[in-house]
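Read through the structure below, which is laid out as structure tokens, and then see the notes.
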């Protein structure tokens, strides 16, 4: 029986279809018609007359009959008798019952395989002819197909040499299959078979260009339709073509449906692409595509530029666009410095026109942007108009004068409907005002969701929190920071104006330690509700009711996330029941459920695989394919959001292999939304799905604050500093999609550098623009009455209150004196330098203060300079002198704040309250508050300057004429050690100048063992300062010794109170030494784990000495 493929498409395919049988499929071109012969070869070793025997059998359960039962299993195989270590030939024979042509034999060996064997055939079971000699046998399937159709009734395998080197277990075979190519049977075509035939055949464009024509099959039973299009704005799901501006490749998938049996359907598994011709051809004179984030999908360049004029207006053609126009107006003001009016009526040259149209093929978020003498933004929705406004503003922003844009036509729309980020506020409190700033930043790059993870538990630190006010269970709400329901509702409503849906997650039944506070709740273990107890269901239902029900609910989104990850895998059926229940519970309220993928399946090694049905009426975040097999979840029918941890997870300070920061340049080249196969447990449930698959809804980055709960110093600004790169790569990949020809990661990073710092209506990074490297500069001569004129040229004039000018100093000597800069704060990186004399201060005296923190001259009455901000109070090991002119410089990079006095490094900020459980401090950053400077302190200021980058030690030394200081004598010098742990913790890491590499000793946890390191400086120097940057495994007690000859050592300093982080050992007395030895004898960690570990050792001479070194050859 012949089945036909038609449609004017000639193919030449040979397809091996492997199910539980073997297909022979030959497609023959016949006057434009492809004919498919669908037949199955018959395994004649399994015919009812066939019998298998062998030279020996281990027992009845491992008899020769097992080789022809069609079962491949350790419980269904032949095993010979054996004596381990003794090699003995064996044979297996099959009587086929009739004479056949022997064309192919397949042997499926177990691990006890034959590396050498022969295949023989016979008509009478007496005279055998060898038809194949094999010398390269292997474990698994061995296919021997060139057997020349020898006529035979009997087929015999003579196994002559064992493959195992240890000669154990004799020989063992799962199955022997024998084929006569003339013995076949017809296989009824199924949808799956048709899908495999069609998946490489593209459609064609109709003669009139209005639609695509799918391949047709010559069958009254099956029909072909479009299953997926990765660009429905060009090829709609009904096959219509909406012509793009320029040629556009579209990926497609087909669906094959049995018209008589709804259960018999299949989809193609590989993208097939077609190029749809564009309306316009490119010309060398065309303006180039503007470079914005996310990238523009379609562009046709004109020639010339649009220019905003002094009387330009935003013209609205519909009153419903007034609010959106006001938002775009604010974008112009904040990004371009232009106050543009809003009007209506007839537009003129230089205007920006907003108009709603019926271009529904663009979807709810797409828009047209025509840049000519007038800019016209048209879209079917206000959201599309808003996105068009963002694009216009970014294009104008990249011009040097902020008022010109290249003329051209934009047709823009998102590739994916979900463009999201998840922020874990459960393990660290982020004020709602700041969370709003982060959300606004996301909206500027057209992300349309933020998932707020409002509760969590971290067992390692013992920290637990629930961040949303509850009237039903007030006992679960965090005492160290929470959101009121009114404020949280307002936040969600506000964000919708900017196109962002706030999706709330209550993570249960694990990560739910907060629920322990509820009377009657049973916990399975720390962090986990006991889901066998009906009351656990009742509690979570009550919370969902509280937040989702009523006329003015606290959670307003149509989407709600129920969590469901990482519960104890001993309870798969109970977990499946819980998951199914809460999917349905939320859906029955008219909401759409979200959940973390944890259902196992396929090749996933973890997860809740079982038989209890789980509803697929939910959208699943696949975060770890080894917890939810990707293909199985698609097959089960879930809509999928790619949240793959190996691609999109950030864990500040790093944990479980997840990075501290994303490498977005690398991600640009390696990651796409359909890729669920990061370089993390590859093959363990992972997959790369077809781009056109309709269940792929988008991508979501996630920042998990596992380590932050240890009080290791991270601020909300540190978290955003990591988030912003994730926002940019997620924006690009979910809106624009896969990179196209000519695009490079270097070009992407150029866009990142242009757009990442400044956004309108929010400033989560506390970015302050400047014309050069200097943000502000003041001196006494710049004072004009109550104003300090910014001599940097940036216009950042300061206001001074009750200050006086005398003898080249600005004196803040009254109780009411202080200085106010025009910005709230300055985000890192920065360098703040001032020449001042402090005349008097007490424990209330402030150098800098504002909403973002305070820098004290005398923190807590310790006499030392220090500072506080959210999630940390820090101290410098330095007391400010009184009545002495000094230079005080603060340098803040992405990790730490450093204090320099007169060009010499004092220390970085150290946490006053140390991290819990012996963890290492990871941040001492400080966003510099500028609202009140020199408050309640008597100060005489000579010079004040802030730079927009973090100066190096060398730059500061040069700036302040500190001689000898800038040379780190230990840099790249030879190091010997008592021991090292691995190739990742080599001795050379101590002096390589890289703060991200370290030396670590060998260790046995719980056992304290002394260790030492010796640095050969290469010559003899006068040692006056040594800096040791400790990893978490620090020494609280150690001795530093010096030697000229490497044999006789003398003590330089004995440290008994080391506290980790950065030890700056100064004024060491100009000790002459070529060799420096650090003898570590007391571990700082209470648990005595991990031995000793150092990031970097730096050695310096006295900066004031005239004799910098004494030659060892003198």
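Rule-based calculations on the coordinates, nothing more; no lab input. Keep in mind it's a predicted model, so treat the numbers as computed, not measured. Counting neighbours? That spans all protein chains shown, and the Cβs are built from the backbone with ideal geometry, glycine included.
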Between residue 1086 and residue 570, what FRET efficiency follows from the Cβ-Cβ distance if R0 is 41 Å, with the result rounded to 0.05? 0.80
Taking every C-alpha to C-alpha distance in segment 214-364 and binning by 10 Å from 0, the per-bin percentages run 9, 23, 27, 20, 12, 8, 2
Roughly what % of Cα-Cα distances in segment 285-434 sit above 18 Å, to the whole percent? 58
Specify the inter-centroid distance of segment 75-110 and segment 900-941, based on alpha-carbon positions, in whole Å. 78
Ranked from highest to lowest mean number of other Cβ atoms within 10 Å per residue, what is the order of the peptides 978-985, 936-943? 936-943, 978-985
Plugging the Cβ-Cβ distance of residue 663 and residue 186 into 1/(1 + (r/R0)^6) at R0 = 56 Å yields, to the nearest 0.05, a FRET efficiency of 0.50
Just report the Cα centroid separation between segment 810-886 and segment 484-553, whole Å. 42
How do 481-487, 766-772 rank on mean C-beta neighbours within 10 Å, highest first? 481-487, 766-772
Can you tell me what percent of all Cα-Cα pairs in segment 150-218 are more than 21 Å apart? 65
Using alpha-carbon pairs under 8 Å, 6+ residues apart, how would you state the relative contact order of the chain in percent? 6
As an exercise, use a Förster radius of 41 Å and the Cβ-Cβ distance of residue 958 and residue 740 to find the FRET efficiency, rounded to the nearest 0.05. 0.30
Cα convex hull volume per residue for segment 423-755 (Å³): 129
Mind running the shape call on segment 929-1004? Use the C-alpha gyration tensor, a ≥ b ≥ c as the square roots of the eigenvalues: rounded below 1.5 for a/c, prolate if a/b tops b/c, oblate otherwise. prolate
Give me the percent of DSSP beta bridges within segment 611-766 that run antiparallel, rounded to the nearest 5. 30
Along Cα→Cβ, 7 Å out, is where each label goes; now give me the distance between the ones at residue 781 and residue 206 in nm to one decimal. 7.9
For segment 427-481, the Kirkwood Rh over every pair of distinct alpha carbons, in Å, works out to 12.9
Where both residues lie in the chain, what percent of DSSP beta bridges are antiparallel, nearest 5? 80
log₁₀ of I(q)/I(0) at q = 0.05, 0.06, 0.07, 0.09 Å⁻¹ - the chain, Debye sum with one point per alpha carbon: -0.47, -0.66, -0.87, -1.22
For segment 892-1044, what's the radius of gyration and Dmax over Cα atoms, in angstrom? 18.9, 56
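Take every Cα pair under 8 Å in segment 974-1101 that's 6+ residues apart, average their separations, divide by the length, and report that relative contact order as a whole percent.
37
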So for each of 267-278, 633-644 I average, over its residues, the number of other beta carbons within 10 Å; can you give me the resulting order with the highest mean first? 633-644, 267-278
Using label points projected 7 Å from each Cα along Cα→Cβ, tell me how many nm separate residue 1057 and residue 839, to one decimal. 3.4
How would you classify segment 634-777 from its alpha-carbon gyration tensor, with a ≥ b ≥ c the square roots of the eigenvalues: rounded for a/c under 1.5, else prolate if a/b is greater than b/c, otherwise oblate? oblate
Provide 316, 139 in ascending order of the number of other Cβ atoms located within 10 Å of each residue's Cβ, fewest first. 139, 316
What length, rounded to one decimal in nm, is gained on full extension from residue 334 through to residue 126, with 0.36 nm per residue of separation minus their alpha-carbon distance? 65.2 nm
Three semi-axes of the equivalent ellipsoid, segment 774-959, Cα gyration tensor, whole Å, largest first: 26, 18, 15
For segment 298-412: relative contact order, % (alpha-carbon pairs under 8 angstrom, 6 or more apart): 35
Among 676, 1092, 809, rank each residue by its count of other Cβ atoms within 10 Å, from fewest to most, as a rough exposure measure. 809, 676, 1092
Tell me, in nm to one decimal, what length is gained between residue 789 and residue 1066 on full extension, where the rule is 0.36 nm per residue of separation less the Cα-Cα distance? 95.8 nm
Starting from the Cα-Cα distance between residue 309 and residue 141, subtract it from 0.36 nm times their residue separation and give me the gain in nm to one decimal. 52.9 nm
For the chain, what is the mean residue ellipticity at 222 nm derived from helices alone (per DSSP H run of n ≥ 4: -39500 (n - 2.57); sum divided by total residues; nearest 500 deg cm²/dmol)? -4000 deg cm²/dmol
Counting pairs of Cα atoms in segment 380-437, how many percent are more than 13 Å apart? 75
Taking the alpha-carbon set of segment 43-186, what are its Rg and Dmax in Å? 14.2, 48
Counting other C-beta atoms within 10 Å, which of 693, 1081 has the fewest, and how do the rest follow? 1081, 693
Over segment 974-1101, equivalent-ellipsoid semi-axes from the Cα gyration tensor in Å: 23, 15, 13
Would you calculate the separation in nanometres between label points at residue 851 and residue 262, each defined as 7 Å from the Cα along the Cα-to-beta-carbon direction? 5.6
